Each structure stands twice: as C-alpha cells, then as structure tokens.
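Here's the structure, in structure tokens; my notes come after.
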Amino acid sequence: MVKDPTKYFVLVAVAYLVLGGILGVLMMFSWMGGGWKGWDYYLIPTHTHVMLLGWVSMTMFGVAYRMFPAVLVRRLYSIRLAWVHFWVANVALVGLAFFFWLNRLQEGGWVVPLAVSGVLQFFGILIFAYNILRTALLPLPGEMG
Ligand code: HEM
C-alpha cells in the first residue's frame with residue numbers, strides 16, 4: 001500500500017515557511033549595515049520562491065491531492081506519480097534556492113544549474129497537472145470496459 005503524500009507535502013511546506021521567515025529576517029538585518037549589507041539583494045529570489053514554491057505551492061499540492069479526488073468522488077489517478085512529483089518539486093526547489101542565491105552573489109556563473117532547477121520544477125508542475133487532469137477527465141484504470 002503506497003502512502004498518501006499529502007501529509008509530507010504539508011510537512012515540507014511548514015519547513016519552507018520557517019526557512020523563508022529566517023531569510024526574510026536576514027534580509028532585514030542587511031538594512032542595518034555591517035557584514036550583512038546588500039544581502040537583501042542576494043536573497044530576494046530565494047526568499048520569494050522558498051515562500052511561494054515552498055510554503056504556498058507545496059501546501060496547495062498536498063491539499064489538492066486529497067481534496068480534488070474527494071470533490072470529484074473519485075480516487076487519485078496515481079499516488080506513485082504524486083510521490084515522483086514530491087521528490088522532483090523538492091529537489092528542484094532546493095536547487096532553485098541555492099542557485100538563485102549563488103547566481104546573484106557571484107553575478108551570474110550559475111545560470112545553467114539555475115535553469116536546470118527551474119525546468120525540473122516546471123516538469124514537476126506538469127506531473128501534477130497530468131495526475132489531476134487524468135483523475136478529473138478520463139476513466140481510471142479498472143473503470144474501463
Ligand atoms: C517553475 C517554477 C518557477 C520558475 C522557474 C521561476 C523563475 C523565476 C525567475 C528566473 C525570476 C527572476 C529572479 C531574479 O530576478 O533574479 C522569478 C521571480 C519571481 N517569481 Fe518565480 N519562478 C517559478 C515559480 C514561481 C511561483 C509559483 C511564484 C508565485 C506563486 C513565483 C513568484 C515570483 C516572484 C514574486 C518573483 C519576483 C521576485 C523579486 O521581487 O525579485 N515564481 N521567478
């Protein structure tokens with residue numbers, strides 16, 4: 001029996017919220033001068049995506065995997081595919097978080113790994129969309145014939 005990933009999406013979402021909050025506080029420190037001066041610029045895209053792809057999107061993915069089948073009175077097309085999405089989305093977000101920061105800190109030079117992380121994140125979004133649309137629109141395996 002494959003475990004439902006909803007709880008794990010929500011758990012990582014809360015972790016990203018805390019991490020995003022720490023980055024936000026660090027960015028405010030940079031306004032007080034000293035060694036942190038200018039760090040808000042280095043951290044903005046990382047903070048933005050940890051909060052929006054981490055806290056917001058991971059919560060929505062987790063809730064959607066439980067809520068959409070419930071609303072549609074159907075089972076999810078593939079729990080295994082939801083787990084593939086979970087790992088792709090998190091590996092890609094860790095990549096985006098680091099390479100957004102390094103790419104600003106070192107004024108470029110990390111565009112390729114940043115782009116690979118971004119494309120991987122988008123691939124995760126496509127896996128999610130496919131799983132939900134298959135659940136909503138097409139007969140599920142075992143329902144045919
Ligand atoms: C496949 C997923 C995504 C990719 C590849 C991506 C990529 C990017 C890139 C390349 C930038 C410019 C960063 C810079 O100026 O250095 C950016 C900025 C931004 N993105 Fe995304 N993004 C993604 C998903 C999202 C999502 C889901 C949201 C919101 C729900 C979001 C909100 C933003 C915002 C608000 C900014 C502006 C940040 C700033 O003020 O500089 N992004 N994104």
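The values are calculated or read from the model by the stated rules, or taken from the named source; none is laboratory data. Note that the structure is a prediction, hence the values are computed from the model and not measured. Cβ atoms come from the backbone with ideal geometry, glycine included; neighbour counts cover every protein chain shown. Surface areas here come from the heavy atoms of the whole protein model, side chains and all, with no ligands, DNA or RNA. Shrake-Rupley method; radii C 1.70, N 1.55, O 1.52, S 1.80 Å.
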Other-chain or far-sequence residues with amide H under 5 Å of Tyr77's (modelled H): Thr135
Determine the per residue accessible area of segment 1-139 with all protein chains present and a 1.4 angstrom probe, expressed in square angstrom. 57 Å²
What are the DSSP H helices in the chain that stretch 24 Å or more along their long axis, judged by alpha-carbon atoms, and whose average Kyte-Doolittle hydropathy comes to at least -0.5? 6-29, 79-105, 111-137
Roughly how far apart, in whole Å, are the Cα centres of segment 10-47 and segment 80-113? 17 Å
Based on the mean of other Cβ atoms within 10 Å per residue, sort peptides 27-33, 89-95 so the most packed one is first. 89-95, 27-33
With runs of 4+ DSSP H residues as the only contributors, calculate the mean residue ellipticity of the chain at 222 nm using -39,500 (n - 2.57) per run, divided by the residue total and rounded to the nearest 500. -25000 deg cm²/dmol
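Of the heavy-atom accessible surface of segment 6-137 (probe 1.4 angstrom), what whole percent is carbon and sulfur?
Reported share for carbon and sulfur atoms: 78 percent.
Return the Rg/Rh value of segment 6-137, two decimal places, where both radii are evaluated on C-alpha atoms and Rh is the Kirkwood radius.
We get a ratio of 1.07 for segment 6-137.
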